[in-house]
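First up is the structure itself, then whatever we jot down about it.
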Amino acid sequence: MSRGKKVPVGTGVTGSQHPKIPGPKSVGMEDANRYRRATFAAGSFWDAEAAFRRLDGIVATRTGYTGGTLPEPTYEQVSKGTTGHAEAVEIIFDPGTIAYDQLLNAFWAMHDPTRQEDQGDYSGPQYRSAIYYQDLDQKVATLASRERLSRSGKYRDRPVVTEVIPASQFWPAEECHQQFYEKCARGYCTSRQVDE
């Protein structure tokens, strides 16, 4: 487990708010048209979820697995690195409060996008850097953002290797992995990536 500071409860989503991603039956038509979905893989889904939950405008988050071939994978199966899945975070956000570009900026800042299968203390294909776009607008924004980051010189001669691919089936992780740091704050700490 990574060592670092404990995640404080910030102005983003707290553990008691929005514990699950709203689905078509739990979000009224008015809200369904108001909110947007985004999916990111940035190493450990515990760290990525904790970082996103701190942001204003995040309505809900859930950790899970995407990009693989095995239906309904478990943490144990994905952790072996053989299912093709990435640990990911699915986010429901209010674009009236936080823009998709702001989510992209948070994503780039929370991990090293030049490392494909190695983020901090975690290694393997399940920890790859990837953005799963939901629609053409997200694809265009993501590719432009990745290009700006690549040209910025921030990583000198290291290329940004983050995959930009269409969203596919998202399998929610087991309940014990949802809002992990909020549930286990006494026993676990976030990595440096979340605290910086």
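Exactly one residue out of Val89, Val78 is touching an Asp or Glu at 6+ places or on another chain (Cβ under 6 Å) and surrounded by 16 or more Cβ atoms within 10 Å (Cβ to Cβ): that is Val89.
State which residue is nearest to the chain's Cα centre (by Cα) when the search covers only segment 73-94 and only residues that are part of a loop (DSSP other than H, G, I, E, B) and modelled with pLDDT under 95.
Only one residue fits best here, namely His85.
Does segment 156-186 hold any residues that are at pLDDT below 90 and within 13 Å of Thr74 (Cα to Cα), and which are they? Hits for segment 156-186 are Ala173, Glu174, Glu175, Cys176, His177.
Within segment 100-130, restricting attention to residues that are hydrophobic (A, V, I, L, M, F, W, C) and in contact with a strand residue (DSSP E or B) (Cβ under 7 Å, 6 or more places away or on another chain), the residue that is nearest to Arg34 (Cα to Cα) is Leu103.
For (1) among the acidic types (Asp, Glu); (2) within 13 Å of the chain's Cα centre (by Cα); (3) within 15 Å of Ala88 (Cβ to Cβ); (4) loosely packed, with under 14 Cβ neighbours inside 10 Å, each residue gets a yes or a no:
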residue	(1), (2), (3), (4)
Phe107	no, yes, yes, no
Ala141	no, no, no, no
Ser145	no, no, no, no
Ser150	no, no, no, no
Phe180	no, no, yes, no
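Scan segment 101-126 residue by residue and report those that are in a helix (DSSP H, G or I), farther than 23 Å from Arg156 by Cα and in contact with an Asp or Glu (Cβ under 8 Å, 6 or more places away or on another chain). Answer for segment 101-126, where residues must be in a helix (DSSP H, G or I), farther than 23 Å from Arg156 by Cα and in contact with an Asp or Glu (Cβ under 8 Å, 6 or more places away or on another chain): Pro125, Gln126.
The single condition among (1) farther than 17 Å from Ile165 by Cβ; (2) touching a strand residue (DSSP E or B) at 6+ places or on another chain (Cβ under 8 Å) that Ala38 does not meet is (1).
A single entry from Thr63, Thr142, Thr97 fulfils the requirement of being among the hydroxyl-bearing types (Ser, Thr, Tyr), closer than 30 Å to Arg34 by Cα and assigned to a helix (DSSP H, G or I): Thr142. For segment 112-139, which positions are farther than 13 Å from Ile165 by Cβ, at pLDDT 90 or above and under 15 Å from the mean Cα position of the chain (by Cα)? Correct list: Pro113 only.
The values are calculated or read from the model by the stated rules, or taken from the named source; none is laboratory data. This structure is a prediction, so every number in the text was calculated from the model and none was measured. Positions of Cβ are backbone-derived with ideal geometry, glycine not excepted, and every protein chain shown enters the neighbour counts.
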